[in-house]
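Since the structure comes first, as structure tokens, the remarks are kept for the end.
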Amino acid sequence: MNHDKDETKDFWNRVVLVISKDQNLSKSHGRYLESRVIQMAHQAGRANVMNGTAPPLPPLPEPDFADMEYSLEQVQMVFPVLSFGFLQRKPSAADTTDLIEVESPTFSLTVMGATAKACEIGGEFVVLKGSKARKEGPKSWTSYKALREQLLNDGKLADSHESEYFIFTEDVGFSSPSAGGAIVNAGNINGRISWKLEATGQTYQEWHEQKLGELSNGDGDLE
């Protein structure tokens, strides 16, 4: 593979191949899928796209166009199961669907003057734009330090007008409350008990357990 020989692309260690079980993909189909995947990855904004070319969409007959778009929908469904999330639209508190309104109460966390707010949206714990994060934490900090460096490199964390804090420049999704909390705290933290509901003071863990209890007891029965 050419990418494997390219020293400027030595950052990757996994590859996923998408094939047709019926072997009915033509070169035009392949160019269409390549163009759309690059477009979707840029729109999602979850990864830095290092592709050197951006091929234009080739014209396809309407039935082929529909088939390729259906294939892309399947790819978007399967990739997260394989831990490839770069095509998924980033969750944002700006979304206003009823589902998000129900599932996303606002949590807050304050540590050493750094105040942050977050919601749980689409299965991710999202620290909201404008939240603050400490620049300097305890020397014992071990978890998620590389993640903070990536957020800084991507411009999602930036200097604020207060010299001791960074600020979130956009809503940022994390895999867990502890991951988001570690970035805010610049140190190890149990996010499940540190993030609390603004309205009640209930911890994330208490809220989550209550939510599961309500589901299992009839409000949206679990099957």
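The values are calculated or read from the model by the stated rules, or taken from the named source; none is laboratory data. Nothing here was measured: the structure is a model prediction, and the numbers come from that model. With ideal geometry, Cβ positions are generated from the backbone for all residues, glycine too; neighbour counts draw on all protein chains shown. These area figures cover heavy atoms from the full protein model, side chains too; ligands, DNA and RNA do not enter into them. Shrake-Rupley method; radii C 1.70, N 1.55, O 1.52, S 1.80 Å.
How high is the FRET efficiency between GLN150 and GLU62 when r is their beta carbon distance and R₀ equals 41 Å, given to the nearest 0.05?
Details: r = 41 Å, r/R0 = 1.01.
Computed FRET efficiency for GLN150 and GLU62 comes out at 0.50.
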**Message:** Taking θ = phi - 60°, what integer Hz values does the Karplus form 6.51 cos²θ - 1.76 cosθ + 1.60 yield along segment 178-195, in sequence order, with x for Gly and Pro?
**Reply:** 5, 5, x, x, 5, 5, 5, 7, 6, x, 5, 7, 8, x, 5, 10, 8, 6
**Where MET112, MET50 fall by accessible area, highest first, once all protein chains stay in place (1.4 Å)** = MET112, MET50
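Could you please put HIS29, HIS42 in sequence from largest to smallest accessible area, using a 1.4 Å probe?
Details: HIS29 20, HIS42 115 Å².
Sorted by accessible area, descending: HIS42, HIS29.
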**Net length gained if the chain between LYS139 and LYS211 were fully extended (0.36 nm per residue, minus Cα distance)** = 22.3 nm
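Given a cut-off of 23 Å, name the pairs among LYS117/LYS145; LYS156/LYS211; LYS117/LYS156; LYS132/LYS196 whose C-alpha atoms lie farther apart than that in the structure shown.
Numbers: LYS117/LYS145 20 Å; LYS156/LYS211 30 Å; LYS117/LYS156 15 Å; LYS132/LYS196 16 Å.
Pairs exceeding the cut-off: LYS156/LYS211.
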